[in-house]
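The values are calculated or read from the model by the stated rules, or taken from the named source; none is laboratory data. Keep in mind the model is a prediction, meaning the values are calculated, not measured. Every residue, glycine as well, gets a Cβ built from its backbone with ideal geometry; the counts of neighbours run over all protein chains shown.
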Amino acid sequence: MAALMIGINYVGEVDRVDNLFYVKTRAFVLMDFPVIPLGSYAIVIRPGPQADLAVPIGFSLKSWMMGFLRPISGLLVFASIIWFCVITDGGKKIAQINIMPPIITGLTALIFGIVSITVRGIARATPARAAEIARAIDLPEESLPESYRHRPTGFEVVPLPAQKVQTVETIDNA
């Protein structure tokens, strides 16, 4: 018998800085899907047996969306496998029908799921976001790992050396 799961839970882990903190959104959930966001928190990882500390940091749309879209991508992978098996009669009718919709749906959902948990800027914090969260939770920026303290500034603008300008006269033959 399936139970209807209703409650409040933390969803959508994003902006992780290894061994320091990550961001999750606290939400009212129905069947483990976030329905109503209640705020986002930096979860400060504390060593030892003590529980991690949740510090409110304001609403994180990225955390909310990942909390909603990651479970959906998992369900789509599972549903596309069932869809493929049903329309092909267990693989017996592959040559007779178009099998691309369930394959494309499943692969797209799988790729989204993998990208959402591996790409820096989604799962892992960018240096700027790590510094922003550290300031919000009163953590000194020096406590961030070295890879998060180096913030590239973009392209460097280098002035060109001055060149001698020649004046050119035009001759009108008319």
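Given the condition at positive phi, at pLDDT below 85 and surrounded by 10 or more Cβ atoms within 10 Å (Cβ to Cβ), answer yes or no: does some residue in the stretch 131-147 qualify? Looking through the stretch 131-147, none of the residues is at positive phi, at pLDDT below 85 and surrounded by 10 or more Cβ atoms within 10 Å (Cβ to Cβ).
Within the stretch 85-96, identify whether any single residue is touching a helix residue (DSSP H, G or I) at 6+ places or on another chain (Cβ under 8 Å), buried (at least 17 other Cβ atoms within 10 Å of the Cβ) and either at pLDDT 85 or above or not in a helix (DSSP H, G or I) (or both), and answer yes or no. Within the stretch 85-96 (the criterion being touching a helix residue (DSSP H, G or I) at 6+ places or on another chain (Cβ under 8 Å), buried (at least 17 other Cβ atoms within 10 Å of the Cβ) and either at pLDDT 85 or above or not in a helix (DSSP H, G or I) (or both)), the answer is no, since none of the residues qualifies. Counting just the residues of the stretch 24-53 that are closer than 18 Å to residue 124 by Cα and touching a residue at least 40 places away in the same chain (Cβ under 8 Å), which one comes out surrounded by the most Cβ atoms within 10 Å (Cβ to Cβ)? So the residue we want is 25. Report, by residue number, each residue of the stretch 1-59 that is among the polar types (S, T, N, Q) and not in a strand (DSSP E or B). Answer for the stretch 1-59, where residues must be among the polar types (S, T, N, Q) and not in a strand (DSSP E or B): 19, 50.
Pairing residues of the stretch 117-144 that are free of Cβ contacts under 8 Å to residues at least 60 places away in the same chain and within 24 Å of residue 71 (Cβ to Cβ) with residues that are assigned to a loop (DSSP other than H, G, I, E, B) and of a type in the set (Gly, Ala, Ser), at Cβ distances under 7 Å and at least 6 apart in sequence or on separate chains, gives 117/123. Of everything in the stretch 73-84, what is under 12 Å from residue 99 (Cα atoms) and surrounded by 15 or more Cβ atoms within 10 Å (Cβ to Cβ)? Give them in sequence order. 80, 83, 84 - these are the residues of the stretch 73-84 that are under 12 Å from residue 99 (Cα atoms) and surrounded by 15 or more Cβ atoms within 10 Å (Cβ to Cβ).
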